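We did not get these values from a lab; they are worked out from the coordinates using the rules stated. Everything quoted here is computed from the prediction, not taken from an experiment. All Cβ positions, glycine included, derive from the backbone under ideal geometry; neighbour counts span all protein chains shown.
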Amino acid sequence: MPYTKPYLTVPNQRALLASRGMTIPDPGKADEYLQRIGYYRLSAYWYPFRKLSQQPDGSFKLGNDFKHGTEFKHATDLYAFDKGLRLLVLDAIERVEVSVRTEVALTIGQRGPKAHRNPAMVDKKFTTVPPHKAASMYTEWLNKLDNKEATSKEEFADHFRTNYAGDQMPIWIAVELLDFGPLSIFLSGMKYPDLQIIAGSYGVSRPHLVKSWVRSISAMRNICAHHSRLWNKPLIDQPALPSPGEIPDLDHVIASPGSNRRLYAALAILRFLLKRINPRTNWASRLKAHMATFPAAPNIKISDMGFPAEWEKLPLWL
């Protein structure tokens with residue numbers, strides 16, 4: 001079906017919202033937001049305020065009209081809250097990313113400076129060429145690393161190329177070139193004993209959990225880095241959850257069915273990891289303070305993110 005919606009000027013965008021039932025007491029300020037942020041980006045934040053309309057077959061479909069009492073400010077307040085939430089989450093992810101890089105470098109490095117380039121040092125599944133593929137994930141990963149080593153503008157990369165022309169970086173240098181996505185790919189391809197060492201450093205007995213958590217956190221980082229809506233978005237890569245009693249701090253997450261699809265599960269995992277990485281961090285306090293600023297608007301609540309009642313009093317957050 002071709003796209004047929006016409007171009008609208010900012011005043012016409014505002015008029016369209018008003019015609020659909022949104023209250024806009026300050027048109028000038030609304031125009032400023034629409035000009036600065038954009039209609040399409042803001043539309044993600046007035047999504048929860050739209051009415052459901054019943055279809056002829058009895059089903060319900062989200063319509064264009066807004067629920068009674070919806071104000072333009074509700075969407076912009078939610079946008080501002082989400083922006084602050086993304087910054088907090090990025091702060092936590094940065095600490096986890098740096099920690100995982102270090103753990104990978106220390107674990108693989110003890111097997112040799114360039115053990116990451118030896119297929120015998122990684123899991124066989126990582127080096128196996130899948131059907132209908134030209135190369136294994138390991139080969140593709142190495143090719144991307146080679147490109148990074150050759151083209152990176154980082155000072156340390158330029159220094160290495162100048163002083164060790166023709167050579168390849170040891171793992172403890174090369175790992176600094178890896179974004180969280182490629183880092184998570186290599187982590188998933190490591191051998192089980194090495195993964196046990198890394199998982200153990202975070203107080204986790206099953207490496208599968210840490211692999212899954214890092215993949216999920218990497219996906220969440222991409223959402224934050226691209227300034228996309230985070231607050232109630234279902235997790236793209238859902239983290240595996242421990243068994244009851246395996247990690248007591250996370251037992252309350254397991255108790256809620258489908259909880260690993262919601263943002264709270266990822267935040268709880270971040271908090272758990274940060275307690276191991278930096279026990280003195282005040283990230284939990286800052287998150288609690290920010291959550292207290294959640295907009296007081298109809299039709300939205302923090303439980304939409306998976307937050308349980310009185311979550312801030314749970315041992316994980318103290």
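For segment 178-318, what is the convex hull volume of the alpha-carbon atoms per residue, in Å³?
Normalising the Cα hull of segment 178-318 by residue number yields 119 Å³.
Give the Rg (one decimal place) followed by the Dmax (whole number) of segment 55-176, computed from C-alpha coordinates and expressed in Å.
So, for segment 55-176, Rg and Dmax equal 23.9, 72 Å respectively.
Give a quick list of trypsin sites (Lys or Arg not before Pro) in segment 147-219 that DSSP marks as loop, anything other than H, G, I, E or B, with at most 12 other Cβ atoms within 10 Å.
Answer by residue number: K153.
Could you derive backbone 3J(HN,Hα) for segment 296-304 from the dihedral phi with the Karplus parameters 6.51, -1.76 and 1.60 (θ = phi - 60°), listing whole Hz in sequence and x where the residue is Gly or Pro?
For segment 296-304, the Karplus curve yields 8, 9, x, 6, 9, 7, 5, 5, 4 Hz.
Helix-derived [θ] at 222 nm for the chain: sum -39500 (n - 2.57) over DSSP H runs of at least 4, divide by residue count, nearest 500?
That comes out to -16000 deg cm²/dmol.
Which value does Rg/Rh take for segment 10-70 over its C-alpha atoms, Rh per Kirkwood?
In segment 10-70, Rg relative to Rh is 1.04.
How are the Cα pair distances of segment 261-318 distributed, in percent, across 10 Å bins from 0?
Spelled out bin by bin, segment 261-318 gives 21, 55, 21, 3 percent.
Find, among the GluC sites (Glu not before Pro) in segment 84-117, those assigned to loop by DSSP (not H, G, I, E, B) with at most 15 other beta-carbon atoms within 10 angstrom.
Hits after loop and neighbour filter: nothing returned.
In percent, how large is the relative contact order of segment 10-70, given Cα pairs closer than 8 Å and 6 or more residues apart?
On the way: 52 pairs, mean separation 21.8, N = 61.
About 36 percent, as a whole number.
What residue among Y164, P48, P239 has its Cα farthest toward the positive end of the dipole of the chain, where the charges are +1 on Lys, Arg and -1 on Asp, Glu, each on the Cβ?
Result: P48, furthest along the dipole toward the positive end.
Give me the compactness ratio for segment 212-289, meaning the Cα radius of gyration over 2.2 N^0.38 Å.
The reported ratio for this selection is 1.09.
Roughly how many debye, to the nearest 20, is the charge dipole of segment 197-274 about its Cα centre, given +1 on each Lys and Arg Cβ, -1 on each Asp and Glu Cβ, and no other charges?
Working: 9 positive and 4 negative charges, 68 e Å.
Here segment 197-274 has a charge dipole of around 320 debye.
With +1 on each Lys and Arg Cβ and -1 on each Asp and Glu Cβ, and nothing else charged, work out how big the dipole of segment 278-318 is about its Cα centre, in Debye to the nearest 20.
Values: 5 positive and 3 negative charges, 36 e Å.
That gives segment 278-318 a dipole magnitude of about 180 debye.
How do the peptides 83-89, 180-186 rank, highest first, by the average count of neighbouring beta carbon atoms within 10 Å per residue?
180-186, 83-89
Once a ≥ b ≥ c are taken as the square roots of the eigenvalues of the Cα gyration tensor of segment 124-202, is the result rounded (a/c under 1.5), prolate (a/b larger than b/c) or oblate (a/b not larger than b/c)?
Oblate is the answer for segment 124-202, as a/c is 1.5 or above yet b/c matches or exceeds a/b.
State to the nearest 20 debye the size of the charge dipole of segment 10-70 about its Cα centre, where the only charges are +1 on K and R beta carbons and -1 on D and E beta carbons.
On the way: 9 positive and 5 negative charges, 20 e Å.
So the magnitude is around 100 debye.
Angle check, please: helix 72-109 long axis (alpha carbons) against the longest principal axis of the chain (alpha carbons), in degrees 0 to 90, nearest 10.
10
Report, in whole Å, the centroid distance computed from the Cα atoms of segment 226-243 and segment 265-318.
14
What are the extents of the Cα atoms of segment 1-114 along their three principal axes, in Å, largest first?
Answer, in whole Å and largest first: 66, 41, 30 Å.
Taking the Cα atoms of the chain, what is the range of coordinates along each of the three principal axes, in descending order and whole Å?
Here the Cα extents, ordered largest to smallest, are 66, 47, 43 Å.
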